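Reviewing the structure listed below.
Any read-out appearing in this document is the output of simple, stated calculations on the displayed coordinates, not a laboratory observation. None of the values given here were measured: they were computed from a predicted structure. So basically every Cβ, Gly included, is an ideal-geometry build from the backbone, and we count neighbours across all protein chains shown.
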Amino acid sequence: MPNFPLDEHTRRRSIYLLPNAFTTANLFAGFYAVVQAMNGRFEIAAIAIFAAMVFDGMDGRVARLTNTQSAFGEQYDSMSDMASFGIAPALVIYEWTLRDLGRWGWLAAFVYVVGAALRLARFNTNIGVVDKRFFQGLPSPAAAALVAGFVWLAVDNKFSLQSGTIAWLAFALTVYAGVAMVSNAPFYSGKTFALGRSVPFWVILVLVAVFVFVSSDPPVVLFGLFVVYGLSGWAVFYWRWRRARKLGIRMRKASHEEPPQDTQ
């Protein structure tokens, strides 16, 4: 058996409590959402998925702020995300309305689940080579927010539509979320925002205004915000494509306008 120094041996065997506690809370919220969906309490299930998003956003930032990152924490966070933002939203929306579509319903739910699994696997393998300012594809928590937000909005009687129409809208949204997760569209990550950096006083006022805005009607506001975010990646993708196309046209024009070189 290798004779490790005491501090290195202890470090290898131990795990950091604080960030992994938030990850466990994330996993619990996802599991709780599934249980509530099985009991027909879909509004609570949707809220639990949003709670899982909050815990997921806190564990990584807490780990970075306290310098307690670890390989164990990364793997634990990834598996928890698969449960809370991959399996849980698919089961919640399937139990709520997709099951009425029969085969098409569970196929849509499976497209979402496999999209989340592929998204997380690609994120883990590309974590050191991609632009940290943007996610490659829709992040799984945002995809889960689209699905859970739609359920919350509909259950809260914000939609005056027939059940069949709502089922097909849920089908389209679920498939879109699954496909968007494995796309190459860039979605802003927010990782460049440093919590420890000082900010002007007006930023606090804006933060308070955001809380008031969300609390005025949570299902409508949250779903609307994540719809905008879920489409923002395609806007950035189109803008980059247009810029690259214009640059290519300019380079071709410049090459044609160059005078022929004297070969004598």
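Summary of values
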{"item": "Sequence-separation-based contact order of the chain, relative, with Cα cut under 8 Å and 6+ spacing, percent", "result": "19"}
{"item": "Dipole magnitude (debye, nearest 20) for the chain, charges at Cβ of Lys, Arg, Asp, Glu", "result": "700"}
{"item": "Taking segment 45-185 and dividing mean pair separation by its residue count, relative contact order in percent (alpha carbons under 8 Å, at least six apart)", "result": "34"}
{"item": "5 angstrom amide H check on S183, placed H, neighbours 5+ away", "result": "L138"}
{"item": "For segment 49-62, 3J(HN,Hα) per residue [Karplus equation, 6.51 cos²θ - 1.76 cosθ + 1.60, θ = phi - 60°, Hz, x = Gly/Pro]", "result": "5, 5, 5, 4, 4, 4, 5, 5, x, 7, 5, x, 5, 5"}
{"item": "Among A109, G30, G137 - extreme Cα towards positive end, dipole of the chain, charges at beta-carbon", "result": "G137"}
{"item": "Average projection area in nm² (convex hull over Cα atoms of segment 37-178, one quarter of hull surface)", "result": "9.0"}
{"item": "Fraction of alpha-carbon pairs over 29 Å apart in the chain - percent", "result": "42"}
